[in-house]
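**Student:** First the structure, which I've put down as structure tokens, then a few questions once you've had a look.
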Amino acid sequence: MDIAFTRRVLDNGLNVIVHEDHRCPIVAVNIWYHVGSKNEQPGHTGLAHLFEHLMFEGSEHYDRGYFQPLQEAGALINGSTNADRTNYWEVVPANALEIALWMDSDRMGYLLPALTQAKFDNQREVVLNERRQNYENRPYGLAPAVILGALFPADHPYHWLSIGVPADLCATSLEQVRQFFETYYHPRNASLAFAGDIEQARALELARRYFGDICPGPEVAPVRPASVHLASEVRLLLEDRVELPRLYISWHTPGLFRRDDAEMDLLADVLTSGKSSRLYRALVYEQRIATEVAAIQNSREVAGFFQVIATAAPGRTLNDLRRAIDEQLARLVAEGPTTDELERAQVQFEAQFVFGLQNVGGFGGKSDQLNAYNVFLGDPGWFARDLARYRRATREGLRAAAARYLKEAERVIASVVPRGRPELAVSDSTPVVPS
């Protein structure tokens, strides 16, 4: 797994990465800012996600929406924010590359002169409406807020959702928003990746031409919160407008690229990927106590968390699901996965890894992955070493990781049940109201 690239750092601190791929006359432009919701403070949340919106609303020299001119040139365009980073990307015909670079550089260097109170108010309302649609009015939508709030203390940067707390957004001033931009959205805190039909020398020349004169910006200190630990099991009850109760079991696990992170990824696959996986076979097929079940290792930069999520079948309670899940986890800790289970999980991961790199742009494409490795590890060429983490995993390694992290005494159990049916929840659960 060798993705050839060149990396240079401009005088203003901007990292520039170039990967040549001349098979198709398109170029991916991908920019990562090393800022996400973990860079916010309690009482001032939602700013990183808000800027994901504001960055599409125009800058000093093009004070209109960013989608139209790029799409008219044949481009694909998008962006996203999570706890650890914000990214923006375009995939453009090779002859339209400079349009994308001009617009990306203008919003990096000259967004604030075009940021008015009216724009801020409008996009804040858009974000609040997005939160209502995706969380408050969606079945089970507020469960993540409840779980993160229990897993991480109030001063931890993963305590809140990336979209922020409504009260915080409503209390935010335009001046606070401007200060947040000046702190994080500048060359010294950014990484620009090209991938596609462009030669290295031309890409570097264009990067210098469009981005080289932008002010570097301040140094950004890394976020290093204290380690967290659950002293005992936490059981929570959330009543929601749902038809079937759903169970969430969550544990603290290692952060992205840390020891055991890959093993926890593979364990999630062993537990719930495919109809022959352990939890699907036991809960859905054999016992028929669940309609669906999933497991995931949520790998974040400074900490991770592992989750098992199961929806109860009609007539079943979440205590039924908890007991069945605990039984399967106990077997896994005692015996480890079989050789076939491990090999299947490894093959599936490798296939997904390779398939994602078939694209030069978009989420998870080559340009995006080059930036991910560069921002989090300082090395864009970490592809082979990343894949090697999964290839060298062993049955005993997975068993030991399960024993180390998936403990009954160190987890959060969240029961989401239909309103007025608390008896369907795991016993001894404490009612909660999400913020």
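The values are calculated or read from the model by the stated rules, or taken from the named source; none is laboratory data. All of these numbers come straight from a predicted model, not from anything done at the bench. Positions of Cβ are backbone-derived with ideal geometry, glycine not excepted, and every protein chain shown enters the neighbour counts. Remember, those area values only see protein heavy atoms, side chains included, never the ligands or the DNA or RNA. Shrake-Rupley method; radii C 1.70, N 1.55, O 1.52, S 1.80 Å.
**Student:** Taking the condition of being under 22 Å from the mean Cα position of the chain (by Cα), surrounded by 15 or more Cβ atoms within 10 Å (Cβ to Cβ) and assigned to a helix (DSSP H, G or I), how many residues in the range 381-408 meet it?
**Tutor:** The qualifying residues number 6.
**Student:** Working carefully through the options I77, I99, find the one that is under 25 Å from the mean Cα position of the chain (by Cα) and of a type in the set (V, I, T). First the steps, then the outcome.
**Tutor:** On the way: I99 fails: under 25 Å from the mean Cα position of the chain (by Cα).
Matching residue, one of I77, I99: I77.
**Student:** Mind checking which residues of the range 205-219 are surrounded by 21 or more Cβ atoms within 10 Å (Cβ to Cβ) and not aliphatic (A, V, I, L, M)?
**Tutor:** Hits for the range 205-219 are F211, G217.
**Student:** Also, quick follow-up: Restricting attention to the range 61-75, and to residues there that are touching a Phe, Trp or Tyr at 6+ places or on another chain (Cβ under 8 Å) and not hydroxyl-bearing (S, T, Y), which single residue is nearest to H186 (Cα to Cα)?
**Tutor:** H61
**Student:** Name the one entry in V333, V302 that is in contact (Cβ under 8 Å) with a residue 60 or more places away in the chain, open to solvent by 10 Å² or more (accessible area, probe 1.4 Å) and in contact with a Pro (Cβ under 7 Å, 6 or more places away or on another chain).
**Tutor:** Unique residue meeting the criteria: V302.
**Student:** A further question follows. Please state which one of L283, L267, L321 is free of Cβ contacts under 8 Å to residues at least 60 places away in the same chain, surrounded by 18 or more Cβ atoms within 10 Å (Cβ to Cβ) and either out of contact with any helix residue (DSSP H, G or I) (no Cβ under 9 Å at 6 or more places or on another chain) or assigned to a helix (DSSP H, G or I) (or both).
**Tutor:** Within the list L283, L267, L321, the selection yields L283.
**Student:** Here's a follow-up. What are the residues in the range 8-35 that are over 22 Å from M103 (Cα atoms) and either of a type outside the set (D, E, K, R) or outside the structural domain of R188 (by TED's automatic domain parsing) (or both), if any?
**Tutor:** Of everything in the range 8-35, those that are over 22 Å from M103 (Cα atoms) and either of a type outside the set (D, E, K, R) or outside the structural domain of R188 (by TED's automatic domain parsing) (or both) turn out to be H22, C24.
**Student:** Step by step: first the residues of the range 231-256, then only those that are within 30 Å of G420 (Cβ to Cβ) and part of a loop (DSSP other than H, G, I, E, B), then the one that is most open to solvent (accessible area, probe 1.4 Å). Which residue is that?
**Tutor:** Checked the range 231-256; the qualifying residue most open to solvent (accessible area, probe 1.4 Å) is E243.
**Student:** Are any residues in the range 360-380 crowded, with 19+ Cβ neighbours inside 10 Å and not in a helix (DSSP H, G or I), and if so, which ones?
**Tutor:** V360, G361, G365, P380 - these are the residues of the range 360-380 that are crowded, with 19+ Cβ neighbours inside 10 Å and not in a helix (DSSP H, G or I).
**Student:** Would you point out which residue out of R188, R202 is charged (D, E, K, R) and surrounded by fewer than 18 Cβ atoms within 10 Å (Cβ to Cβ)?
**Tutor:** Numbers: R188 fails: surrounded by fewer than 18 Cβ atoms within 10 Å (Cβ to Cβ).
After ruling out the rest, the residue left standing is R202.
**Student:** Pick from the range 27-79 the residues that are without any contact (Cβ under 8 Å) to a residue 24 or more places away in the chain and part of a loop (DSSP other than H, G, I, E, B): which of them is surrounded by the most Cβ atoms within 10 Å (Cβ to Cβ)?
**Tutor:** Ranking the qualifying residues of the range 27-79, first place goes to F56.
**Student:** Yes or no: E98 surrounded by fewer than 19 Cβ atoms within 10 Å (Cβ to Cβ) and touching a residue at least 12 places away in the same chain (Cβ under 8 Å)?
**Tutor:** In short, yes.
**Student:** Here's something else I'd like to know. Count, please, the residues in the range 133-184 that happen to be in contact with a helix residue (DSSP H, G or I) (Cβ under 7 Å, 6 or more places away or on another chain), of a type in the set (A, V, I, L, M), open to solvent by 30 Å² or more (accessible area, probe 1.4 Å) and part of a helix (DSSP H, G or I).
**Tutor:** 1
**Student:** Do we have E130 as assigned by TED's automatic domain parsing to the domain that holds R178 and surrounded by fewer than 20 Cβ atoms within 10 Å (Cβ to Cβ) here?
**Tutor:** Answer is yes for this residue.
**Student:** Can you tell me how many residues in the range 188-230 are of a type in the set (S, T, Y) and either modelled with pLDDT under 95 or under 25 Å from the mean Cα position of the chain (by Cα) (or both)?
**Tutor:** Total satisfying the criteria: 2.
**Student:** Something else: Restricting to the range 54-109, give me the number of residues that are polar (S, T, N, Q), in contact with a helix residue (DSSP H, G or I) (Cβ under 9 Å, 6 or more places away or on another chain) and more than 23 Å from E130 (Cβ to Cβ).
**Tutor:** Within the range 54-109, residues that are polar (S, T, N, Q), in contact with a helix residue (DSSP H, G or I) (Cβ under 9 Å, 6 or more places away or on another chain) and more than 23 Å from E130 (Cβ to Cβ) number 1.
**Student:** Looking only at the range 36-55, count every residue that is under 24 Å from M103 (Cβ atoms) and of a type in the set (D, E) and tell me the total.
**Tutor:** 1
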